[in-house]
Structure formats: structure tokens, C-alpha cells
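So the structure is just underneath, and the comments pick up after that.
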Amino acid sequence: MQVNTIKWGILGTSFISEVMANAIHESETSELIAVGSRSLTTAVKFSNQFSIPKYYDNYEALLNDHEINAIYIGLPNHLHKEWIVRSARAGKHILCEKPFVISVDEAKEVIAILEQANVFCMEALMYRCHPLIKKLQELVQNKIIGDVKLYTATYTANIADIANATAGGSIRNLGCYPVSLVRLLAQAEPIEIRALGKMNPHNKTDNQSSVILKFENNAMAVISTADNLEMFWQFDMYGTEGRLKVVTNPWLPTCDNNKIIIERHNEKTPTELNIAAAKSLYTYQIDTVNLNINKKALLDDDGISLLDSLGNTIVLENWLQQVKDANLNLFR
């Protein structure tokens with residue numbers, strides 16, 4: 001397979017766009033050639049900071065740059081659908097920041113447009129491209145703890161005051177990570193979803209909640225998230241032959257500190273694994289997109305497919321709606 005250098009443009013100049021600019025520079029199969037912002041001053045500043053040769057003071061102008069092969073969309077949640085669609089119709093491949101879109105209807109509409117446009121698109125759940133996750137999949141498939149019957153996960157971060165409140169909240173911004181990991185490892189979609197949570201009375205977003213997922217094989221998952229608590233993570237799996245714990249942050253793995261502990265019923269001493277990585281987390285993500293573009297793939301088999309993103313959106317929407325329904329007094 002011929003490996004072509006993918007020329008990237010970035011939509012938006014938020015903190016995550018800065019992270020992605022560094023990742024694109026680090027990638028050996030990428031070239032960052034343009035950035036688009038709503039402000040010329042901001043575009044110039046970002047361009048200078050990351051040595052980007054071209055800058056635009058509106059998003060549409062960046063999409064009209066025929067030299068660009070792929071677009072990273074680092075915009076607020078409620079703008080994802082619009083700019084995925086615009087990028088696809090401009091013939092650009094797409095990496096869109098999570099969550100993919102903000103509703104199941106949006107996801108289905110976007111997927112249909114992407115298939116018509118014949119471009120590659122992936123949701124930026126970056127942790128999925130890291131060797132740690134490949135190892136977790138391998139361990140589950142090899143039944144290292146037997147059949148997994150229970151997943152427990154928690155992910156919190158104190159981001160409520162800095163994240164865009166429009167179509168925001170802890171479920172979309174944080175809960176998307178553990179939901180996607182549980183679904184990946186279970187290799188199934190939940191058949192039942194039960195949720196409780198609290199809403200932020202000031203901006204009417206969810207800020208603390210938990211969900212229980214039930215799968216056909218009687219496996220269960222309990223997932224909690226909050227955007228008004230300091231950063232904390234927890235991920236455990238309980239199987240018929242033991243327990244597996246990811247000690248380090250499974251949703252923000254590093255190059256050299258990714259620890260898994262396995263406790264098997266028939267072994268007195270736990271097994272400890274440390275999964276090393278050859279490059280930074282976000283560069284793995286960029287390289288995954290580049291690989292699929294070079295393969296001319298439309299459904300990604302090494303990262304997050306469009307159908308996978310649809311499945312995640314279904315769970316997140318159901319979870320969020322149940323929390324809203326339980327807090328109807330805030331919406332009157």
C-alpha cells in the first residue's frame with residue numbers, strides 16, 4: 001500500500017485543537033498546513049504558535065482550500081453535525097472531536113451524508129487507538145478472567161466552568177469514554193439502560209450521574225461521571241475466573257505508565273502488566289485516520305467506525321434523557 005502524506009487543516013483554536021496541532025506535527029504521515037478560526041487575530045496567533053503556513057478567518061474558507069486532504073473539527077458539541085456535513089460535501093476526510101454528534105437523529109443523518117460523499121470520518125475518542133486498549137481487548141478475548149459479568153467505571157473532571165454549556169454536560173463530555181470502552185470490550189449493545197443523575201441549575205446541563213447497562217449475556221455495567229469533581233478514574237472488570245483492574249487512566253493513557261492488574265481465583269499473586277507505547281496518544285489517533293485514508297477505507301476497522309459512534313450516541317442520548325426526565329422541574 002502506498003502511504004501518502006495527509007495534509008491537515010484544523011477547524012477551531014481551542015485547547016484540544018492545540019493538542020491536535022502537536023499530534024499532527026509529530027505524525028510521520030501528516031503535514032499541518034492550515035487553521036481556520038472565526039477571528040483573523042486568533043487564526044494568525046494559532047498559526048504562528050504552531051508554525052502553520054496558512055490561516056483563515058472563517059471555517060468555510062478553510063474547506064475551500066483544495067490542498068487540504070483531512071479536517072480536524074475541534075468545535076463545541078452542537079457544531080459537530082454542521083461542520084461534518086460541510087467538510088464531507090467539500091470532499092474532505094474528517095476527524096471530529098467527541099461526542100460525534102448530539103442526537104441519534106443527527107448521527108443517522110450524518111452517516112448517510114458521509115456515505116454519499118465517499119469520505120472517511122472518525123470520532124475522536126483518542127484512547128481507542130492506544131496499545132493499552134488493544135491489550136485489554138486481547139485479554140478479554142482470551143478470557144483471562146473468564147467470562148466478564150460486571151464492568152464498573154467512573155470518570156470525573158472539574159470542567160463544568162470551562163466547557164461550552166451548549167449541548168454539554170458530564171454525560172456527553174466525559175461519560176462517552178467509559179460507555180465506549182464497555183461497549184468495545186463487551187462487543188455488544190445494551191438491551192436495557194437505567195439512569196439517575198443531577199442537573200446543574202445554572203446552565204441546565206447534567207453534572208453528576210450514573211447509568212446501569214444490561215447486556216444479553218447477563219453482563220452488567222455500572223458507569224458514573226461528573227463534571228464538577230476533580231479528575232478521577234476507575235475501571236474494573238469482574239469475570240467468572242477473576243478480576244481485572246486498570247490502575248492508570250484508561251481514557252488518557254501515556255507512553256510509559258499504563259498499568260493493568262489481574263487477579264485470578266486460582267493464583268495467589270496478582271499479575272501486573274505495564275503497556276508501553278511508541279508515540280503519544282493523540283498521534284496514534286492521527287496515524288489511525290491517515291492509515292484509513294490511505295487504505296481508502298470508509299468503515300474504520302482499527303479505530304472507531306461510524307456504526308460504533310452511532311451505538312455510543314444511542315446510549316448517551318438514552319442516559320441523558322432519563323436524567324432530564326427525572327429533573328423536569330428545571331425545564332419548566
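The values are calculated or read from the model by the stated rules, or taken from the named source; none is laboratory data. All figures in this text were calculated on a predicted structure; none of them were measured in a lab. We place every Cβ from the backbone using ideal geometry, glycine too, and count neighbours over all the protein chains shown. In case anyone asks, the SASA skips ligands and DNA or RNA and just uses the protein heavy atoms, side chains included. Shrake-Rupley method; radii C 1.70, N 1.55, O 1.52, S 1.80 Å.
Quick check on region 28-94: take the gyration tensor over C-alpha atoms, sort the square-rooted eigenvalues as a ≥ b ≥ c, and tell me if it's rounded (a/c under 1.5), prolate or oblate. Don't jump to the answer; show the numbers that get you there.
On the way: a/c = 1.71, a/b = 1.22, b/c = 1.40.
Oblate, because a/c is 1.5 or more while a/b does not exceed b/c.
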222 nm [θ] for the chain, helices only, -39500 (n - 2.57) per DSSP H run of 4+, per residue, to 500?
-> -10000 deg cm²/dmol
Provide the descending list of Cα extents for the chain along its principal axes, expressed in whole angstroms.
-> 59, 55, 37
For each pair in Lys108/Lys135; Lys143/Lys259; Lys259/Lys295; Lys204/Lys324, compute the distance between the two Cα atoms and list the pairs where it is over 21 Å.
-> Lys108/Lys135; Lys259/Lys295
In nm, spacing of pseudo-spin labels at Lys134 and Glu115 (7 Å Cα→C-beta vector) | 3.0 nm
Measure nothing fancy, just the Cα-based angle from helix 40-49's long axis to the longest principal axis of the chain, in degrees from 0 to 90, nearest 10.
-> 70 degrees
What share of the DSSP beta bridges in the chain is antiparallel, in percent to the nearest 5?
-> 55 percent
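Can you tell me, using C-alpha contacts under 8 Å and at least 6 residues apart, the relative contact order of region 119-264 as a whole percent? Let's see the in-between values first.
Working: 281 pairs, mean separation 46.0, N = 146.
Worked out over region 119-264, it gives 32 percent.
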Straight-distance crosslink candidates among aspartates and glutamates, where the alpha carbon sits under 14 Å from Lys279 and sequence neighbours closer than 8 are dropped | Glu26, Glu28, Asp256, Asp287
Just tell me which lysines come within less than 24 Å, Cα to Cα, of Lys45; anything on the same chain fewer than 8 places away is out.
-> Lys7, Lys54
Percent RCO, i.e. relative contact order, over the chain, from Cα pairs under 8 Å lying at least 6 residues apart = 19 percent
Protein chains only, probe 1.4 Å: how do Lys268, Lys296, Lys135 rank by accessible area, largest first?
-> Lys268, Lys296, Lys135
